[in-house]
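Student: Pasting in a structure now, in structure tokens, and then I'll have a few things to ask.
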Amino acid sequence: MNRKTLVLPAVIGLLAPVLAACGGTDSGSGGGDAIVVGTTDRFTATKDAPAPLDPAYAYDVGTWNVLRQTVQTLMIQPKGEGAPVPEAAQTCGFSDSGNERYVCTLRDDLKFANGDAITAADVKYSIDRARALKADSGVFALLSTIDTVETKGDREVIFHLKSADATFPYKLSTPVAGIVNPDDYEKGKLRDGFDVDGSGPYTMKADVKNDVLEDAVFTKNPNYKGSLTVNNDKVELRSFSDADDMGSALEKGDIDLTTRTMSPTQIKKLSDESGGDVDLVEMAGLEIRYLAFNTDAPSVKSRAVRQAMAQLINRSELVSKVYGTQAEPLFSLVPATITGHSNAFFNKYGDPSVTKAKALLTQAAVTTPVKLTLHYTTDHYGSATKEEFEDLQKQLNSSGLFQVRIEGTPWETFRPAERKGKYDVYGMGWFPDFPDADNYLAPFLDKDNFLGSPYANSEIRNTLIPDSRREADRIAAAGSLTEIQDIVADDVPVLPLWQGKQYVAARDDVTGTAYALNSSATLQLWELGKGVSG
């Protein structure tokens, strides 16, 4: 087994947006059989979520990784990290000094996969549709700074923003801003099922059984015109029920590559072995895990209860027992490698202490032990999630201040229940929409937030988030970002736990594995190819 450690440049800030032109063709090599990629992401259509792959609804890393192959956006995050570059657009940039007017010009002769021409009107339709539908996934909030979308001729799109937003180019690189054909996507209704149509590098054919997408075949789109070079003709994305099944398929040669999520045990085993025909690639990652609170729920409505949990949980012990070197303790919602990060929770609580936690509860006249249920999803963040929550339960209960039970639920049930406020305390993960501190704060704290959280802090929403977005130089936004993190540490509407690395395991005749995932866990299937086994 060979191990390759890849350290891509960490994205530590958002560069000042500039007007840029980017060419490129979809010339690619390869052919023959499809490259088969394994994933433990599960794609299910349910009564609560019947349209999992509609860009106006999808808002998790798995569904976004399907859409990024098929639905084109005006901008795209480059494989080597850094500021986004034009994709469906030929040029994009702010046309005013206040970062409130953003103009994109489409590439000439842009087409959907079916051959229909793409015009500025289609871009406006797509983005206005997502904003108007306001899907309960909360993804539309990424477009919340848009006031109006204007077109000028067939190729120019003008975004008038409600307020300055230096992160706007990044938001145009996310699937919610994907360009869809009005013939395929109704204006006032989500598109149910697993059909996806767009102008991205691939078209997709889905194999669906019992409302579950088991296999997706991506075939190179002959009409694609953008900034990407497509290095293969066909990729098959195969969904597995767990990491063990996926690992067995790789060992047998049934698949060529595994993506998220491998188990800690598998990663350690592959890392320790030498020789063989499978490579383990370690890459920088920006994934975080955290506990979220329904701050209106009686059991955790008292801030003292949430603060006591923050005072008790030993992140280092948790990471060491469950994830080893594959993760690091996190003391803020913002990862340590992102500009604006502050160790706000450590600054406030220091080392874990039962004495300090007891004092917090006593001062607030909270009766102990506090009875809680910690909810987690059994099939969305990897097989180690159960072990993680067992350790959290043990830590809290051993203090004598809490009486905690844990409950695991499949994602298809877990996510709708969480959005409806049925859980008092629950575990979630976050893969950034784009690598900027704003995207680790606003999605949890702003109006129409991703969690549907009742927590609302007027200073954060009305002053600090808007102030931070005015700064094109993200270092200059550090003051506002630090204040937000300090407030979060004090109020504890969310409790950050750890930041993780990411891994790919591939047979050694697969090329391009170094860029199979970027730091935001974006799957870049177009980078893969087949070479000579070494």
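The values are calculated or read from the model by the stated rules, or taken from the named source; none is laboratory data. This one's a predicted model, so the numbers in the text were calculated from it and none came from an experiment. Glycine also receives a Cβ, built like all others from the backbone with ideal geometry; neighbour counts cover every protein chain displayed. Accessible surface areas use protein heavy atoms only, side chains included; no ligands, DNA or RNA. Shrake-Rupley method; radii C 1.70, N 1.55, O 1.52, S 1.80 Å.
Student: Excluding residues fewer than 8 places away in the same chain, name every one of the aspartates and glutamates whose C-alpha is closer than 12 Å to that of Lys530.
Tutor: Filter leaves Asp33, Asp233, Asp256, Asp508, Asp509.
Student: I've got another one for you. Run the quick spin-label model on Val366 and Asp192: label points 7 Å from Cα toward the beta carbon, then report their separation in nm to one decimal.
Tutor: Calculated label separation equals 4.4 nm.
Student: Apply the Karplus parameterisation 6.51 cos²θ - 1.76 cosθ + 1.60, with θ equal to phi minus 60°, to every residue of segment 83-93 and state each ³J(HN,Hα) to the nearest whole Hz, in sequence, with x for glycine and proline.
Tutor: 5, x, 10, x, 10, 6, 7, 8, 9, 8, x
Student: Another question, then. Short version: ³J(HN,Hα) in whole Hz for each residue of segment 233-250, in order, from phi by Karplus 6.51 cos²θ - 1.76 cosθ + 1.60 (θ = phi - 60°), x for Gly and Pro, what are they?
Tutor: Rounded to whole hertz, the list is 9, 7, 9, 10, 9, 10, 8, 10, 6, 7, 5, 5, 4, 5, x, 5, 5, 5.
Student: Turning to a different aspect of this structure: Please calculate the 1.4 Å probe accessible area of Ser173, with all protein chains present, and give it to the nearest 10 Å².
Tutor: 0 Å²
Student: Please get the size of the charge dipole for segment 86-234, origin at its Cα centre, with Cβ charges of +1 on Lys and Arg and -1 on Asp and Glu, quoted in debye to the nearest 20. All intermediate terms of the calculation are to be shown ahead of the outcome.
Tutor: Numbers: 19 positive and 25 negative charges, 46 e Å.
About 220 debye.
Student: Sticking with this one: Using modelled backbone amide H atoms (1.01 Å from N, in-plane), which distant-in-sequence or interchain residues come within less than 5 Å of Ser399's amide H?
Tutor: Residues meeting the criterion, in which the H sits 1.01 Å from N, do not exist here.
Student: Taking a probe of 1.4 Å, how large is the accessible area per residue of segment 248-287, in Å²? Don't skip to the answer; put the middle values down first.
Tutor: Working: 1630 Å² over 40 residues.
I get 41 Å² per residue for this part.
Student: Looking at the chain, send over the antiparallel percent of its DSSP beta bridges, to the nearest 5.
Tutor: Percent antiparallel among DSSP bridges in the chain is about 75.
Student: Take Lys356 and Glu251, extend 7 Å from each Cα along the Cα→Cβ direction, and tell me the distance between the two endpoints in nm.
Tutor: 4.5 nm
Student: Calculated FRET efficiency, Lys348 and Asp116, Cβ-Cβ r, R0 51 Å, to nearest 0.05?
Tutor: Details: r = 55 Å, r/R0 = 1.08.
The calculated FRET efficiency here is 0.40.
Student: Looking at Met204, Asn231, Gly188, which one has the Cα that reaches farthest to the positive end of the dipole of segment 144-241 (charges on Cβ: Lys, Arg +1; Asp, Glu -1)?
Tutor: Most positive-ward Cα: Asn231.
Student: Round to a whole number: what % of the accessible area of the chain belongs to carbon and sulfur, probe 1.4 Å?
Tutor: Working: 9460 of 20100 Å².
The value for the chain is 47 percent carbon and sulfur by accessible area.
Student: Can you run phi through the Karplus equation (6.51, -1.76, 1.60; θ = phi - 60°) for segment 210-217 and list ³J(HN,Hα) in whole Hz, with x for Gly and Pro?
Tutor: 6, 6, 10, 7, 8, 7, 10, 9
Student: Strictly over 22 Å apart at the Cα level, which of Lys79/Lys171; Lys209/Lys386; Lys47/Lys234; Lys79/Lys501; Lys111/Lys220 would you flag in this model?
Tutor: Working: Lys79/Lys171 17 Å; Lys209/Lys386 27 Å; Lys47/Lys234 32 Å; Lys79/Lys501 17 Å; Lys111/Lys220 14 Å.
From the list (Lys79/Lys171; Lys209/Lys386; Lys47/Lys234; Lys79/Lys501; Lys111/Lys220), the Cα-Cα distance tops 22 Å for Lys209/Lys386; Lys47/Lys234.
Student: Taking 0.36 nm per residue of separation and subtracting the Cα-Cα distance, what length does fully extending Asp183 through Asp128 add?
Tutor: On the way: separation 55, 0.36 × 55 = 19.80 nm, distance 1.53 nm.
Using 0.36 nm per residue and subtracting the Cα-Cα distance, I get 18.3 nm.
Student: Starting from the coordinates of the alpha-carbon atoms of segment 317-471, obtain the Kirkwood hydrodynamic radius over all distinct pairs and give the value in Å to one decimal. Spell out each step's value before the answer.
Tutor: Details: mean 1/r = 0.0565 Å⁻¹.
Result for segment 317-471, one decimal place: 17.7 Å.
Student: I would also like to ask the following. How large is the dipole of segment 141-207 about the Cα centre if only Lys and Arg carry +1 and Asp and Glu carry -1, each at its Cβ, rounded to the nearest 20 debye? Don't jump to the answer; show the numbers that get you there.
Tutor: Details: 8 positive and 12 negative charges, 46 e Å.
So the dipole magnitude of segment 141-207 works out to roughly 220 debye.
Student: Where Lys and Arg each count +1 and Asp and Glu each count -1, what net charge lies around Tyr376 among other residues with Cβ under 9 Å from its Cβ? Don't jump to the answer; show the numbers that get you there.
Tutor: On the way: positive: Lys386; negative: Glu388, Glu407.
Net charge in that neighbourhood comes out at -1.
Student: Still on this structure, I have one more. Report the one residue of Gln311, Ser137, Phe444 whose Cα lies farthest in the direction of the positive end of the charge dipole of the chain (charges on C-beta: Lys and Arg +1, Asp and Glu -1; origin at the Cα centre).
Tutor: Value: Gln311.
Student: Give the residue from Leu360, Gly408, Thr377 lying farthest towards the positive end of the charge dipole for segment 331-429; charges sit on Cβ (+1 for Lys and Arg, -1 for Asp and Glu) and the dipole is referred to the Cα centre.
Tutor: The residue sitting most towards the positive pole is Leu360.
Student: How big is the dipole moment of the chain about its Cα centre under a simple scheme where the beta carbon of each Lys and Arg is +1, that of each Asp and Glu is -1, and everything else is neutral? Debye, nearest 20, please. Spell out each step's value before the answer.
Tutor: Details: 55 positive and 74 negative charges, 251 e Å.
It works out to roughly 1200 debye.
Student: Further question on the same structure: Stretched out fully, how many nm does the piece from Asp490 to Ser144 gain, at 0.36 nm a residue minus the Cα gap? It would help to have the intermediate numbers written out before the result.
Tutor: Values: separation 346, 0.36 × 346 = 124.56 nm, distance 2.68 nm.
Once the chain is fully extended between Asp490 and Ser144, it gains 121.9 nm.
Student: How compact and how long is segment 191-298, expressed as Rg and Dmax of its alpha-carbon atoms in Å?
Tutor: According to the Cα coordinates of segment 191-298, Rg and Dmax are 18.3, 57 Å.
Student: With a sphere of radius 13 Å drawn around the Cβ of Leu312, what net charge do the other residues whose Cβ falls strictly inside it have (Lys, Arg +1; Asp, Glu -1)? The partial results should precede the final answer.
Tutor: Values: positive: Arg306, Arg315, Lys356, Lys358, Lys394; negative: Glu317, Asp351, Asp391.
Here the count lands on +2.
Student: Given N residues in segment 141-245, what is Rg(Cα) / (2.2 N^0.38 Å)? Numbers along the way, then the final one.
Tutor: Numbers: Rg = 17.4 Å, N = 105, 2.2 N^0.38 = 12.9 Å.
Normalised Rg, Cα atoms only: 1.35.
Student: Once label points are set 7 Å from the Cα along Cα→Cβ at both Lys152 and Asp48, what is their separation, rounded to one decimal in nm?
Tutor: 4.6 nm
Student: Can you show me the helix-derived [θ] at 222 nm for the chain, built from DSSP H runs with n ≥ 4 at -39,500 (n - 2.57) apiece and divided by the number of residues, rounded to the nearest 500. Present the calculation step by step, with values, prior to reporting the outcome.
Tutor: Details: 14 runs with 127 residues, N = 534.
Value at 222 nm, helices only: -6500 deg cm²/dmol.
Student: Need the full-extension length gain, Ala456 to Ser274, defined as separation in residues times 0.36 nm minus the C-alpha distance. One decimal, nm. Each step should come with its number before you reach the end.
Tutor: Numbers: separation 182, 0.36 × 182 = 65.52 nm, distance 5.18 nm.
In short, 60.3 nm is gained.
Student: Given 20 °C and 1.002 mPa s, compute D for the chain with the Stokes-Einstein relation, Rh being the Kirkwood radius over Cα pairs; round to the nearest whole µm²/s. Walk me through the intermediate numbers first.
Tutor: Details: Rh = 23.7 Å.
It diffuses with D of about 90 µm²/s by this estimate.
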